[in-house]
Amino acid sequence: SQQGEEDPQALSIQEGENATMNCSYKTSINNLQWYRQNSGRGLVHLILIRSNEREKHSGRLRVTLDTSKKSSSLLITASRAADTASYFCATEPYNTDKLIFGTGTRLQVFP
Amino acid sequence: KAGVTQTPRYLIKTRGQQVTLSCSPISGHRSVSWYQQTPGQGLQFLFEYFSETQRNKGNFPGRFSGRQFSNSRSEMNVSTLELGDSALYLCASSSLAGVREQYFGPGTRLTVT
């Protein structure tokens, strides 16, 4: 079974608005990563947050990690139509050296 | 640098046949991982190769196998294809062993009829 569950499954917003996606996982992790996928193509790595970090920023992206709740959130600020894609969280469970993907959130940004 | 390339991009096979997919990593990357993506099961880890050795594998039957060559190019083979093997197969490369900050290829879409 998948390690991560993402919420919501789908999100529709207008350009300029912020988009927040949440990820919950089940076991202790080394790190958590977020990826973007456009229309069933390859994934693009967005950001990695280690288990001892609580927040990380990259451009318009802000990721938080709460290991006590086993959850993470991805915030995209000032969204653009080009942000339309599926977003996946992926965890590297402790001592496994494997990447376990969540179910993904489909984001639609309307111009 | 050129990105990760996968060939072929699309493939249609018949149940019972076998298939070989190819992945060329980013130049200098020695780790190649393979993933299967289906609507029902999502993205699932198949295996990782580093310096021609399989470092890790997921929970897939023995029909799924792979190898890596000395130039880091990797191939994945699926024998005795089943309808459920229809999926997007993604490979990812990394400069280090393991699964951090991987660079993904565009995928090979396999349809089994």
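The values are calculated or read from the model by the stated rules, or taken from the named source; none is laboratory data. As the structure is a prediction and not an experimental result, all values here were calculated from the model. FYI the Cβ positions are ideal-geometry reconstructions off the backbone, even for glycines, and counts take in every protein chain you see. Remember, those area values only see protein heavy atoms, side chains included, never the ligands or the DNA or RNA. Shrake-Rupley method; radii C 1.70, N 1.55, O 1.52, S 1.80 Å.
Within the stretch B:82-113, which residues are more than 7 Å from chain A (Cβ to nearest Cβ), closer than 27 Å to B:GLN18 by Cα and small (Gly, Ala, Ser)? Of everything in the stretch B:82-113, those that are more than 7 Å from chain A (Cβ to nearest Cβ), closer than 27 Å to B:GLN18 by Cα and small (Gly, Ala, Ser) turn out to be B:GLY84, B:SER86, B:ALA87, B:ALA92, B:SER93. In the stretch A:27-44, the residues that are without any contact (Cβ under 8 Å) to a residue 40 or more places away in the chain reach residues that are of a type in the set (D, E, K, R) and open to solvent by 10 Å² or more (accessible area, probe 1.4 Å) with C-beta atoms within less than 8 angstrom, at least six apart or across chains, in these pairs: A:GLY40/B:ARG109; A:VAL44/A:ARG36.
Checking every residue in the stretch A:9-31 against the condition of being more than 10 Å from chain B (Cβ to nearest Cβ), closer than 26 Å to B:PRO25 by Cβ and assigned to a strand (DSSP E or B) gives at least one match.
Condition check ((1) open to solvent by less than 50 Å² (accessible area, probe 1.4 Å); (2) more than 14 Å from chain B (Cβ to nearest Cβ)) across all residues:
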{"position": "A:LEU61", "(1), (2)": "yes, yes"}
{"position": "A:SER68", "(1), (2)": "no, yes"}
{"position": "A:SER71", "(1), (2)": "yes, yes"}
{"position": "A:ILE76", "(1), (2)": "yes, yes"}
{"position": "A:ARG80", "(1), (2)": "no, yes"}
{"position": "A:PHE88", "(1), (2)": "yes, no"}
{"position": "A:GLU92", "(1), (2)": "yes, no"}
{"position": "A:ASP97", "(1), (2)": "yes, no"}
{"position": "A:PRO111", "(1), (2)": "no, yes"}
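When B:PHE69, B:PHE104, B:PHE64 are checked against the criterion of being open to solvent by 10 Å² or more (accessible area, probe 1.4 Å) and out of contact with any Ser or Thr (no Cβ under 9 Å at 6 or more places or on another chain), B:PHE69 stands alone in meeting it. B:GLU52 passes every criterion in (1) without any contact (Cβ under 8 Å) to a residue 40 or more places away in the chain; (2) within 12 Å of another protein chain (Cβ to nearest Cβ); (3) not polar (S, T, N, Q) apart from (2). Total residues in the stretch B:38-49 satisfying the condition of being within 15 Å of B:LEU110 (Cβ to Cβ), assigned to a strand (DSSP E or B) and more than 8 Å from every other protein chain (Cβ to nearest Cβ): the figure is 2. Apart from one condition, A:ALA78 fits all of (1) under 26 Å from B:GLY3 (Cα atoms); (2) touching a residue at least 60 places away in the same chain (Cβ under 8 Å); the exception is (1).
Within the stretch A:45-59, the set of residues being farther than 22 Å from A:THR96 by Cα and either in a strand (DSSP E or B) or open to solvent by less than 50 Å² (accessible area, probe 1.4 Å) (or both) comprises A:GLU55, A:LYS56, A:HIS57, A:SER58.
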